[in-house]
Amino acid sequence: MRDFLRDNWFVVVIAVVIIGFVSYFIYDSTKYNVSGTTSDGEDVVASTNKGDVTADDLYDEMSASDSSLLYNLYRNEVVDQSIETTDDLQQDADDLKDQIDSTAEQQVSDYKSYLGQELAAYGYNGYDELDDYCLMSVKQKEMNRRYVKKHYDDLKKAVEDQNPRTISIIQISVSDPDNLTSDEQKKKDNIDSALSKQSFAKTATAYSEDSTASDEGVYGYVDGKTTESSSSSLDESVINAALDLKKGETSDWITVTDSDSGTSYLYKVHVDETDLDKIYKSKNDTIKDQVLNAFLTDNTGLEYTVVQSYAKKLDIKLSKSTKKKINAYIEEQKKGDDSSDEEN
């Protein structure tokens with residue numbers, strides 16, 4: 001479950017360390033609590049016997065312990081001010097919540113308590129704020145989508161260099177790939193025969209044993225970096241086979257054995273499209289999200305560039321020191337991305 005939430009990393013806000021810092025200054029609410037006061041024009045968060053604690057003081061302390069928290073707060077403010085919550089975005093957020101709920105319920109009996117603990121690490125006050133997490137997540141995705149659409153021509157080369165394509169698959173399970181039972185061999189032969197007479201989509205619908213069968217075998221988008229992604233559900237051997245094919249080609253049978261369960265599978269993979277312009281215009285929601293992620297992954301530091309671009313249009317009040325720390329963090333992350341690319 002932690003991996004699921006991490007894959008939707010768009011909203012990582014106030015972490016436990018912030019709560020601890022605030023608690024230090026307001027542990028005796030009757031003595032130190034303040035409301036609506038300012039000091040030298042800055043909002044006062046709390047007062048102590050050593051003086052006032054302003055919002056900028058809080059930001060400074062946060063960034064000293066974990067600069068990413070300061071950036072996350074800033075980023076989420078940019079997202080909140082830049083993207084209006086529409087009915088469609090709210091529906092997307094509701095769907096994401098249902099997906100997280102469903103996944104968690106399958107894995108943990110007391111899933112609400114479990115999710116509450118996980119969300120606390122992202123700065124939310126338990127399970128009841130899962131809605132907020134999901135809404136912020138889809139709003140940042142929309143912000144990224146708008147930026148990529150506007151700058152598509154400048155950004156697409158980095159994605160094209162990664163050999164992009166959309167693929168479909170056929171999967172069947174077998175007890176022993178080296179010694180198929182008569183029923184397994186018959187099904188394998190039937191699939192080969194069907195592929196020689198009809199489309200991959202029809203064959204996948206009729207024979208594939210995985211969930212893609214309900215969508216004519218469509219798996220989605222892959223490229224040269226997919227094997228590095230923790231969110232990919234396909235074995236590396238299947239992806240690599242797909243990357244070696246041309247549009248319209250189908251692979252030979254590929255054997256995959258799950259290292260956790262020990263279950264073996266046979267795969268066929270088919271390349272549906274390799275033209276990035278056509279892939280980008282896909283009406284398939286899954287593919288649209290996957291190719292958006294590819295733009296963010298393949299263009300070094302794009303996530304931070306998007307935030308900076310939208311921030312320029314806003315009036316977010318920050319002290320000079322706070323702004324300097326945010327900019328330093330952004331540049332550090334961009335260099336980190338560059339280093340990773342060079343190593344790879």
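The values are calculated or read from the model by the stated rules, or taken from the named source; none is laboratory data. What you are looking at is a predicted structure, and each value in this text was computed from that prediction instead of being measured. Virtual Cβ from ideal backbone geometry, glycine too; neighbours counted across all protein chains shown. Heads up: the accessible areas ignore ligands, DNA and RNA and are worked out on the full protein's heavy atoms, side chains in. Shrake-Rupley method; radii C 1.70, N 1.55, O 1.52, S 1.80 Å.
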- Task: Check whether at least one residue in the range 288-305 is open to solvent by 30 Å² or more (accessible area, probe 1.4 Å), part of a helix (DSSP H, G or I), among the β-branched types (Val, Ile, Thr) and farther than 30 Å from Asn327 by Cβ, and report yes or no.
- Result: no
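Inspect the range 163-182 for any residue being part of a loop (DSSP other than H, G, I, E, B), among the small types (Gly, Ala, Ser) and open to solvent by 30 Å² or more (accessible area, probe 1.4 Å) and give the result as yes or no. Before you say what the answer is, go through the steps one by one.
Filtering the range 163-182 for residues part of a loop (DSSP other than H, G, I, E, B) gives 163-164, 175-181.
Applying the additional criterion that residues be among the small types (Gly, Ala, Ser) yields 175.
With open to solvent by 30 Å² or more (accessible area, probe 1.4 Å) added as a condition, the list becomes 175.
Yes.
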Counting only residues in the range 277-287 that are outside any helix (DSSP H, G or I) and in contact (Cβ under 8 Å) with a residue 40 or more places away in the chain, the one surrounded by the fewest Cβ atoms within 10 Å (Cβ to Cβ) is identified as Asn284
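Per-residue answers, yes or no, for (1) on the phi > 0 side of the Ramachandran plot; (2) modelled with pLDDT of 90 or more; (3) open to solvent by less than 50 Å² (accessible area, probe 1.4 Å); (4) polar (S, T, N, Q):
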{"residue": "Gln99", "(1), (2), (3), (4)": "no, yes, no, yes"}
{"residue": "Leu115", "(1), (2), (3), (4)": "no, yes, yes, no"}
{"residue": "Ala120", "(1), (2), (3), (4)": "no, no, yes, no"}
{"residue": "Tyr124", "(1), (2), (3), (4)": "no, no, yes, no"}
{"residue": "Leu130", "(1), (2), (3), (4)": "no, yes, yes, no"}
{"residue": "Gln140", "(1), (2), (3), (4)": "no, yes, yes, yes"}
{"residue": "Tyr147", "(1), (2), (3), (4)": "no, yes, yes, no"}
If we keep only residues of the range 204-220 that are outside any loop (DSSP other than H, G, I, E, B) and among the hydroxyl-bearing types (Ser, Thr, Tyr), then the residue surrounded by the most Cβ atoms within 10 Å (Cβ to Cβ) is Tyr219
| query | Out of all the residues in the range 309-324, is one or more at pLDDT 90 or above and touching a strand residue (DSSP E or B) at 6+ places or on another chain (Cβ under 8 Å)? | reply | no
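Closer than 17 Å to Val271 by Cα and either in contact with a Gly (Cβ under 8 Å, 6 or more places away or on another chain) or not small (Gly, Ala, Ser) (or both), is that true of Lys197?
The answer is no for Lys197.
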Could you check, for the range 39-49, whether at least one of its residues is of a type in the set (S, T, N, Q), open to solvent by 80 Å² or more (accessible area, probe 1.4 Å) and at pLDDT 80 or above?
no
Restricting the range 115-169 to residues that are closer than 18 Å to Asp289 by Cβ and among the β-branched types (Val, Ile, Thr), the one farthest from the chain's Cα centre (by Cα) turns out to be Ile167
Filtering the range 71-97 down to residues that are β-branched (Val, Ile, Thr) and either assigned to a helix (DSSP H, G or I) or open to solvent by less than 20 Å² (accessible area, probe 1.4 Å) (or both) yields Val78, Val79, Ile83
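Tell me yes or no: at least one residue of the range 105-112 is among the charged types (D, E, K, R) and in contact with a Phe, Trp or Tyr (Cβ under 9 Å, 6 or more places away or on another chain).
Within the range 105-112 (the criterion being among the charged types (D, E, K, R) and in contact with a Phe, Trp or Tyr (Cβ under 9 Å, 6 or more places away or on another chain)), the answer is yes, since at least one residue qualifies.
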Within the range 311-323, residues in a helix (DSSP H, G or I), open to solvent by 30 Å² or more (accessible area, probe 1.4 Å) and in contact (Cβ under 8 Å) with a residue 12 or more places away in the chain come out as Ser321
Please verify whether the range 221-234 includes one or more residues that are open to solvent by less than 40 Å² (accessible area, probe 1.4 Å) and in a helix (DSSP H, G or I).
yes
By residue number, the members of the range 252-272 that are crowded, with 17+ Cβ neighbours inside 10 Å and in contact with a Lys or Arg (Cβ under 9 Å, 6 or more places away or on another chain) are Ile254, Leu266, Val271, Asp272
Of the residues in the range 235-265, those that are without any contact (Cβ under 8 Å) to a residue 40 or more places away in the chain and in a strand (DSSP E or B) number 2
Of the residues in the range 235-247, those that are modelled with pLDDT of 95 or more and open to solvent by 80 Å² or more (accessible area, probe 1.4 Å) come to Asp244, Lys246, Lys247
Taking the range 325-344 and keeping residues modelled with pLDDT of 85 or more and either over 24 Å from Lys150 (Cα atoms) or open to solvent by less than 30 Å² (accessible area, probe 1.4 Å) (or both) leaves Lys325, Ile326, Ala328, Tyr329, Ile330, Glu332
